[in-house]
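Colleague: Please see the structure below; I have some questions.
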Amino acid sequence: AELYGIRNWGAGYFNLNQSGEITVEVKNDAGELHAVSLLDIAHGATERGLGMPLLVRFENLLDAQIGRINNSFRSAIESSGYNNVFRGVFPIKVNQQCQVIEEIARAGRQFGHGLEAGSKAELIAALSILDNTDALIVCNGYKDEEFINLGLQAQRLGVQVFFVVETPSEVDTIIHCAQREQVEPNIGVRIKLASKVGGYWNATSGDRSIFGLGSNDLIAMVDKLRDQNMLHCLKLLHYHLGSQVPNIRDIRTGVLEACRYYADLVEEGAAMGYLDLGGGLAVDYDGSKTNYTHSKNYSLDEYCVDVVEAIMGTLDSEGVEHPVIITESGRATVAYSSVLLFNILDTTSFEPIELEEDSIGEDTHPMLKNLQDALQSVTPKNLQESYNDGLYYRDEIRALYLHGQVSLRDRALAENLFLQCAQRIRKLLNEVDQVPVDLQALPEVLSDIYYANVSVFQSLPDIWAIDQLFPLVPVHRLDEAPTRSAIIADITCDCDGKIDRFIDRQDVRKTLPLHPLKDGEEYILGTFLVGAYQETLGDLHNLFGDTNVVSVRIDDDGQVDYSREIHGDSIADVLSYVEYSPQDLFERFRKLAERAVKEKRITAQQRKDILHTYTASMSGYTYFEK
Ligand code: PLP
């Protein structure tokens, strides 16, 4: 657990049991703690026909995070004497899956937790699933008349829909639709804050952010609404600093700046009443509790207290009533609830093979003898020199091979001697005070490659696209020391389909400690905290489709209920996504087989078997199956 930092990033949800397996820990209403092994869940799913790779969604963890966020705001509000309430909204774009949104709506009911919709499709989903008129629906993004009309009609049904104006021209559309439909809209406005934040996802803050109104546009909007007698419809101020804001100082600065705008809009005569801070509440992916990009230097409680106090501090001094506080936390709400499990198919190591006594004899090429001398002379004092020699002779032999002057066996011998030399040097690196710069990457260069039954592009797109780090850990055998050091290659045949950066509390690790594979036993790794953004951003690279998914609920007695399951895409599914018709493909293949029968290359009976193989593949999983 220490080596992989499980307790640092696990947020109290993940732990280790005595058999060396990672567990998910949940408390029931009576306060009893139940720990369930992820390996047991994986086996249970496989027995039910949902093999690896498998995305496991823990409903309990989603419920728990919604509870933590709401309760934390409640206690910050109570302890500081804040005179209004918190109303969270979950941004659907962070995980649009129906099961997830339904669970959020269900668990959020008692807190009036609503949804944020950034498109017409998301609004339609929100309107049908959020069966709770206490909760808010905040509409961000570009909105056409259809979008606005739908929201206005929903308002007639008692749903609290807010339209957040993102661009100056949107105000006219909202005014026009509202006057035509005779419905008073709830208007919000997104402002561009000057405050810029640290972290990866910060392009939504600062003067050059693409969304939101600057102060001139804001004044123009207020004047327009006043002209139309609609200033009382302007109720909400929204900003979004960017996702995964690691530094609490940036959060506080954003709130303070927004409150200045809020107070001035009240002063202008707008109704106001709602302050929407957007997303940004970070997840501590590496467990370092720092302001590093993949971490955060604040707890949830600190976040809530700081937000509440910053709002009070600014608005009290202006004599402005406290607004309803809205946040659009996505990542922090769903990240913990999904774990992606996958098995390792094979490994490659860069270990030399044992040499025969007489591999190097009298008539061996002199270059090979030189290479052997370089190997034998390695000591902690001459690491760099020995490495240079080894590399030089190995490259010379490669060149001789190209010119046909040494045999394939000589070349293989040279590669092997060089590997012995490099491995010997690598082992001695720990014994020297200062590792020469050229040798610093040797441990990575010599690390193993573990081939994983997963597509980074489909299931972990942020690793490939933006170098995001997630905790990646074997879910079992953690009572054994991991003796190998490896990077992960995925099942696509793309050189970008790899994971070679791993979390570390101090820095980024270039290799991951792993266990050697055991014959006849699966080795299963889990990528944790993947509930946010990964699922729908993934793509069909190499036509690897959606993975199997199970939703799991750990009941009050600690029993695992496989509450929902979705079988991953079949080959027919992914082919049809790229416009092939599976029937048409079958028909073409059938004709090929029929011709072979006619030409007497196969029998009719063989044709039947061949077509059966074809159709079985067509309906099979896109990943490696046992
Ligand atoms: N609100 C808006 C407008 C966003 O653009 C985003 C995502 O960047 C979010 C909320 C969610 O942010 P987070 O996942 O950091 O909570």
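Colleague: Taking residue 68 as meeting all but one of (1) within 16 Å of the ligand (Cβ to nearest atom); (2) farther than 28 Å from residue 537 by Cα; (3) basic (Lys, Arg), write down the number of the exception.
Modeller: It fails just one condition, (2).
Colleague: Given (1) touching a helix residue (DSSP H, G or I) at 6+ places or on another chain (Cβ under 8 Å); (2) of a type in the set (A, V, I, L, M); (3) closer than 14 Å to residue 322 by Cα, identify the lone condition not met by residue 258.
Modeller: Unmet condition: (1).
Colleague: Run down 83, 60, 132 and say which single residue is part of a loop (DSSP other than H, G, I, E, B) and buried (at least 18 other Cβ atoms within 10 Å of the Cβ).
Modeller: Being part of a loop (DSSP other than H, G, I, E, B) and buried (at least 18 other Cβ atoms within 10 Å of the Cβ) holds for just one of 83, 60, 132, which is 132.
Colleague: I'd like the residue in the range 230-250 that is crowded, with 24+ Cβ neighbours inside 10 Å and over 24 Å from the mean Cα position of the chain (by Cα) and, out of all such residues, is nearest to the ligand (Cβ to nearest atom).
Modeller: Applying the filter and picking the extreme gives 238.
Colleague: For the range 362-377, indicate whether the set of residues that are under 44 Å from the mean Cα position of the chain (by Cα), closer than 21 Å to residue 438 by Cα and in contact (Cβ under 8 Å) with a residue 24 or more places away in the chain is non-empty.
Modeller: No: the range 362-377 contains no residue that is under 44 Å from the mean Cα position of the chain (by Cα), closer than 21 Å to residue 438 by Cα and in contact (Cβ under 8 Å) with a residue 24 or more places away in the chain.
Colleague: Are any of the residues in the range 340-347 out of contact with any Pro (no Cβ under 6 Å at 6 or more places or on another chain), touching a residue at least 12 places away in the same chain (Cβ under 8 Å) and within 30 Å of residue 278 (Cα to Cα)?
Modeller: For the range 340-347, residues out of contact with any Pro (no Cβ under 6 Å at 6 or more places or on another chain), touching a residue at least 12 places away in the same chain (Cβ under 8 Å) and within 30 Å of residue 278 (Cα to Cα): present.
Colleague: Going residue by residue through the range 597-605, is there one that turns out to be of a type outside the set (Asp, Glu), touching a Lys or Arg at 6+ places or on another chain (Cβ under 8 Å) and not assigned by TED's automatic domain parsing to the domain that holds residue 244?
Modeller: There is at least one residue in the range 597-605 that is of a type outside the set (Asp, Glu), touching a Lys or Arg at 6+ places or on another chain (Cβ under 8 Å) and not assigned by TED's automatic domain parsing to the domain that holds residue 244.
Colleague: Give, as residue ranges, the helices (runs of 4 or more DSSP H) completely inside the range 520-626 that count at least 3 residues that are surrounded by fewer than 16 Cβ atoms within 10 Å (Cβ to Cβ), over 26 Å from the mean Cα position of the chain (by Cα) and of a type in the set (Gly, Ala, Ser).
Modeller: 604-618
Colleague: Another one. Restricting to the range 84-104, give me the number of residues that are touching an Asp or Glu at 6+ places or on another chain (Cβ under 7 Å) and of a type in the set (A, V, I, L, M).
Modeller: The total comes to 2.
Colleague: Give the range 310-339 a look and list any residue that's more than 16 Å from residue 257 (Cα to Cα) and free of Cβ contacts under 8 Å to residues at least 12 places away in the same chain, or say none.
Modeller: 319
Colleague: When you go through (1) more than 16 Å from the ligand (Cβ to nearest atom); (2) under 25 Å from residue 461 (Cβ atoms); (3) in a loop (DSSP other than H, G, I, E, B) one by one for residue 142, which number turns out not to apply?
Modeller: Only one criterion is unmet by residue 142, namely (1).
Colleague: Give the range 71-94 a look and list any residue that's hydrophobic (A, V, I, L, M, F, W, C) and away from the ligand (no atom under 16 Å from the Cβ), or say none.
Modeller: Matches in the range 71-94: 76, 77, 85.
Colleague: Identify, please: which residue in the range 271-323 is within 26 Å of residue 501 (Cα to Cα), of a type in the set (A, V, I, L, M) and touching a strand residue (DSSP E or B) at 6+ places or on another chain (Cβ under 9 Å) and is, among those, surrounded by the fewest Cβ atoms within 10 Å (Cβ to Cβ)?
Modeller: The qualifying residue surrounded by the fewest Cβ atoms within 10 Å (Cβ to Cβ) is 281.
Colleague: Something else now. Just one of 71, 149 is within 27 Å of residue 56 (Cα to Cα), in a helix (DSSP H, G or I) and modelled with pLDDT of 95 or more; which is it?
Modeller: Every option except 71 fails the conditions.
Colleague: Among the residues of the range 440-456, how many are in contact with a helix residue (DSSP H, G or I) (Cβ under 8 Å, 6 or more places away or on another chain) and buried (at least 23 other Cβ atoms within 10 Å of the Cβ)?
Modeller: Total meeting the criteria: 2.
Colleague: Here are some residues: 187, 210. Which one is within 27 Å of the chain's Cα centre (by Cα), more than 10 Å from the ligand (Cβ to nearest atom) and either at pLDDT 95 or above or not in a helix (DSSP H, G or I) (or both)?
Modeller: Checking each option against the conditions leaves just 210.
The values are calculated or read from the model by the stated rules, or taken from the named source; none is laboratory data. The structure displayed is predicted, hence computed values, not measured ones. Cβ coordinates were reconstructed from backbone atoms using ideal geometry, including for glycine residues, and neighbour counts include every protein chain displayed.
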